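Data block below; observations after.
The values are calculated or read from the model by the stated rules, or taken from the named source; none is laboratory data. Model, not experiment: these values are computed from the prediction. Calculation scope for accessible area: heavy atoms of the full protein, side chains included, ligands and nucleic acids excluded. Shrake-Rupley method; radii C 1.70, N 1.55, O 1.52, S 1.80 Å.
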Amino acid sequence: MTPAPRPRYRVYLAVGIGCYVLAAIASLFLIADDFGPALLVLLWTVRGGLHAPCVSAAAQ
């Protein structure tokens with residue numbers, strides 16, 4: 001029995017997630033560039049706190 005081919009939307013989903021991650025990283029650095037590393041650390045902490053519940057909910 002031949003296994004079914006994998007759907008192509010996974011590739012598009014992976015590309016979309018990669019673009020989102022790059023955009024998030026770039027925007028955080030651009031926002032915090034003038035204010036220094038303290039704001040950058042704060043922004044990454046807040047983003048991680050907001051992102052963690054979404055990831056755990058999607059995994060269930």
Per residue, accessible area of the stretch 1-43 with a 1.4 Å probe, heavy atoms of protein chains only, in Å², comes to 91 Å²
Keeping all protein chains in the complex and leaving out DNA, RNA and ligands, what accessible area do you get for residue 21 with a 1.4 Å probe, in Å² to the nearest 10? 60 Å²
First check a/c for the stretch 1-53, with a ≥ b ≥ c the square roots of the eigenvalues of its C-alpha gyration tensor; if it is under 1.5, answer rounded, and if not, answer prolate when a/b is larger than b/c or oblate otherwise. prolate
